[in-house]
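Comments concern the structure below.
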Amino acid sequence: YFETEVLKNAWRILVKSYINDQSKVALDTLCVYLAQLPRMHREQVDEFMEQVKSADLSDYELAVREVKNFCKRAAYYQALNSWVPEINKGNYDAVVVKMMELAAKDFEQPDMGMDYFKDVSKRYLGEKGSRHDLVPTGLPLDAHWGGGLGVKEIGLVVGPTGRGKTAMMLNMAYAALNDKRNVLYVTCELSEAELSSRMDKIVMNALRGLEMFQLGDLVQALKAMQTELVDKHFYIKVYPAGGLTVEELYSFVRSLEAQRSIKFDVIFVDYLGEMKLPAAEREDLRYKYLVTALRGIAWRLETRIWTAHQSTKGSHRSPVLLEDSIADSSGILKPVDMAFTMAASHPEFIAGFQRLCIIKNRFGPTNVMEVMRFIGKSFRFTSGSLDELRLEARKVESEMESNIYGGGSNPSEVNGSRPKN
């Protein structure tokens, strides 16, 4: 990386001496070593000595600038060498992302960690990157983990098939948007049109209290909401099932952020079971590696990620799900910062209720339960109570018994609020 032969040789001598003897070489001794090298002219060595003597080595700004330039050149040289195979493969997006990372990197200010004594104000005054910069979920669970998901953190929603995980995450996405955050929703299951339609119902019910509405009403509401949010964005991106990799997701986010000049505050990935699993020495480790890689993306993008996964077979009849109810791998839970389950007995589910239970929480208690009610026509989750849940579940049970012994209506039509994933 050095521009002249004398600097290259001086660097080699200094490094060799420091590694072998753990000592620094004096300038005079260094010049003697240099003069003994073949093809090194005495005039070059003398000029080198004069330059070093005349340099103000106490000048901190000069030293920082030179180190910065050296590190930047080294980083770009190494990147250029590594890009050749990617270009040959046609992976141009990966090259563009790496270029953006290098261009944004601050070579003068490396992350040296936190000084426990000196950085006390940084820890408590809500500087960017601390747990004070939280994106709320809009759920009562926020009270138990400090208010929401923080920068570089990942959260997990666990529940049976068809019990409303997508609906739950769309409600959480609306809460983030309502908190004036940029939101990205990535799905490997539903179409953009279907997700947008469900979000329309959530928005219209939250803003206008409507369950049925006309297109004109929706357009007016969205215009008013966009004005209120002041240039905040909600993007939806669809990938084919089983085709999305973690690196492809990272590349897409970086490209979108660069093209639209935005920074996503929270990303929803719907869901783990539809992503492409990484290779692993054991099958049960593949999901753990996948979640760990997603957590790595949260760190690299300095954002927050919510994702979802299925619970074990037969869990759809359990009123409460705990940490042993996660399908495929118990290791899924280890990399996440917070996780909660969605569960209900069959009558409770028919009545439109769900029990949310915290099964992982780095910032507060676990095994905390909150009751939510799902209103199917508006696609919204609202807070409920245990007494209300029991009362409505008993009504459903009575209706079901009536159907068995005396005929009657379909119990799934009791209140029209059956959740759909």
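The values are calculated or read from the model by the stated rules, or taken from the named source; none is laboratory data. Everything numeric here is computed off the predicted structure, so don't read it as measured data. All Cβ positions, even for glycine, are placed from backbone atoms using ideal geometry, and neighbour counts span all protein chains on display. These accessible areas exclude ligands, DNA and RNA; they are computed on the full protein's heavy atoms, side chains included. Shrake-Rupley method; radii C 1.70, N 1.55, O 1.52, S 1.80 Å.
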Original post:
At a Förster radius of 25 Å, what calculated FRET efficiency corresponds to the Cβ-Cβ distance of residue 194 and residue 84, to the nearest 0.05?
Top reply: 0.05
Original post:
Within region 189-320, how many lysine pairs that are 8 or more places apart, or on different chains, have C-alpha atoms less than 20 Å apart?
Top reply: 9
**OP:** For residue 303, list long-range residues whose amide hydrogen, built 1.01 Å from N in the peptide plane, is under 5 Å from its own amide hydrogen.
**Re:** 152
Subject >> Mean Cβ count within 10 Å, highest first, over the residues of peptides 349-358, 211-220, 142-151, 240-249 >> reply: 349-358, 142-151, 240-249, 211-220
Subject >> Reach of residue 89 by Cα under 16 Å, taken over lysines that are not fewer than 8 positions away in the same chain >> reply: 98
**OP:** Return one number: the angle in degrees, 0 to 90 and rounded to the nearest 10, between the long axis of the Cα atoms of helix 286-301 and the longest principal axis of the Cα atoms of the chain.
**Re:** 60
Original post:
Cα axis of helix 92-104 to longest principal axis of the chain: angle in degrees, 0 to 90, nearest 10?
Top reply: 70
**OP:** For residue 226 paired with residue 46, estimate the spin-label separation in nm (one decimal), with each label point 7 Å from Cα along the Cα-to-Cβ line.
**Re:** 7.4
Original post:
Along the charge dipole of the chain, Cβ charges K/R +1 and D/E -1, which of 14, 244, 95 sits furthest on the positive end?
Top reply: 244
Subject >> Pairwise label distance in nanometres, residue 346 with residue 8, each label 7 Å out on the Cα-Cβ vector >> reply: 7.8
**OP:** Report, to the nearest whole %, how much of the accessible area of region 282-329 belongs to carbon and sulfur atoms, 1.4 Å probe, protein only.
**Re:** 51
**OP:** Identify, among 41, 186, 64, the residue whose Cα sits farthest towards the positive end of the charge dipole of the chain, taking +1 on the Cβ of Lys and Arg and -1 on the Cβ of Asp and Glu, with the dipole about the Cα centre.
**Re:** 186
**OP:** Report, in debye and to the nearest 20, how large the dipole of the chain comes out about its Cα centre when Lys and Arg carry +1 and Asp and Glu carry -1 on their Cβ.
**Re:** 500
**OP:** Estimate the FRET efficiency between residue 261 and residue 22 by the formula 1/(1 + (r/R0)^6), using the beta-carbon distance for r and 41 Å for R0, to the nearest 0.05.
**Re:** 0.25
**OP:** Could you rank the peptides 194-200, 233-239 by their average count of other C-beta atoms within 10 Å per residue, with the highest value first?
**Re:** 233-239, 194-200
Subject >> DSSP beta bridges in the chain [antiparallel fraction, %, rounded to 5] >> reply: 40
Original post:
In degrees from 0 to 90, rounded to the nearest 10, what is the angle of the helix 42-54 Cα long axis to the longest principal axis of the chain?
Top reply: 60
**OP:** Give me the lysines in straight-line cross-link reach of residue 118: C-alpha distance below 26 Å, same-chain residues under 8 apart excluded.
**Re:** 68, 105, 128, 152
**OP:** Keeping all protein chains in place, calculate the accessible area per residue for region 202-287 (probe 1.4 angstrom), answer in Å².
**Re:** 54
**OP:** May I ask you to order 183-189, 23-29 by the average number of other C-beta atoms within 10 Å around their residues, highest value first?
**Re:** 183-189, 23-29
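What value, in deg cm²/dmol to 500, does the helix sum -39500 (n - 2.57) over DSSP H runs of n ≥ 4 give at 222 nm once divided by the residues of the chain?
It comes out at -14500 deg cm²/dmol, rounded to the nearest 500.
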Subject >> Entry for semi-axes √(5λ) of the Cα gyration tensor in Å (calculated from the structure that is shown) out of (1) 36, 29, 26; (2) 40, 29, 19; (3) 58, 22, 21 >> reply: (3)
Subject >> Radius, Kirkwood style, for region 258-382 when every pair of distinct Cα atoms is counted (Å) >> reply: 16.2
